[in-house]
Amino acid sequence: MPWKNSPPQKDYYAVIFASTKSDDLEGYKEMDDITLKLAQEQPGFLGYESAGDHKAGIFISYWENMEAINHWRQNSTHLLAKAKADKWYKRYLSQICKVENSRLHEV
């Protein structure tokens, strides 16, 4: 379920995480599954999009506001996952953007 509902009509935030994975992915899949499930349960979580393959990808999570993002940043499981970033990724870029306009089109 990428979006809980349609994108909001008001401003919201996107956290963009672009990455290239390392060769040592021990424990990665399990932690990825856990953190995705936990993020979806957080207050202010709106949805996500992802694209990529087993080596590189982009994951975008959508949030109502910066307070919701900051709350997720402090989640203990999320902090454990972030502590393994140097093991699991050759490269990553994390960005937070304010979304002022969006349109969802599905066929």
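What follows is calculated from the coordinates using simple rules that are stated; it is not laboratory data. Since we're looking at a predicted model, the values are computed, not measured. All Cβ positions, even for glycine, are placed from backbone atoms using ideal geometry, and neighbour counts span all protein chains on display.
Modelled this way, with points 7 Å down the Cα-to-C-beta line, the labels at residue 51 and residue 104 are 1.8 nm from one another. Here the alpha carbons of the chain define both size measures, Rg and Dmax, at 14.1, 41 Å.
Taking 29 Å as the cut-off for C-alpha to C-alpha distance, list the pairs among 37/90; 4/87; 10/84; 4/82; 10/87 that go past it. Among 37/90; 4/87; 10/84; 4/82; 10/87, the Cα-Cα distance tops 29 Å for 4/87; 10/84; 10/87. Less than 5 angstrom separates the built amide H of residue 89 from those of 22, all sequence-distant by 5 or more or on a different chain.
From least to most packed, judged by other beta carbons within 10 angstrom and beginning with the fewest, 105, 54, 71 follow the order 105, 54, 71. Taking 7 Å steps out from each Cα toward its Cβ at residue 17 and residue 85 produces label points 0.9 nm apart. For the range 67-107, GluC sites (Glu not before Pro) meeting the loop criterion (DSSP other than H, G, I, E, B) and having at most 14 other Cβ atoms within 10 Å: 100, 106.
Within the range 6-107, list the trypsin sites (Lys or Arg not before Pro) lying in a DSSP loop whose Cβ has at most 10 other Cβ atoms in a 10 Å radius. Hits after loop and neighbour filter: 10, 103.
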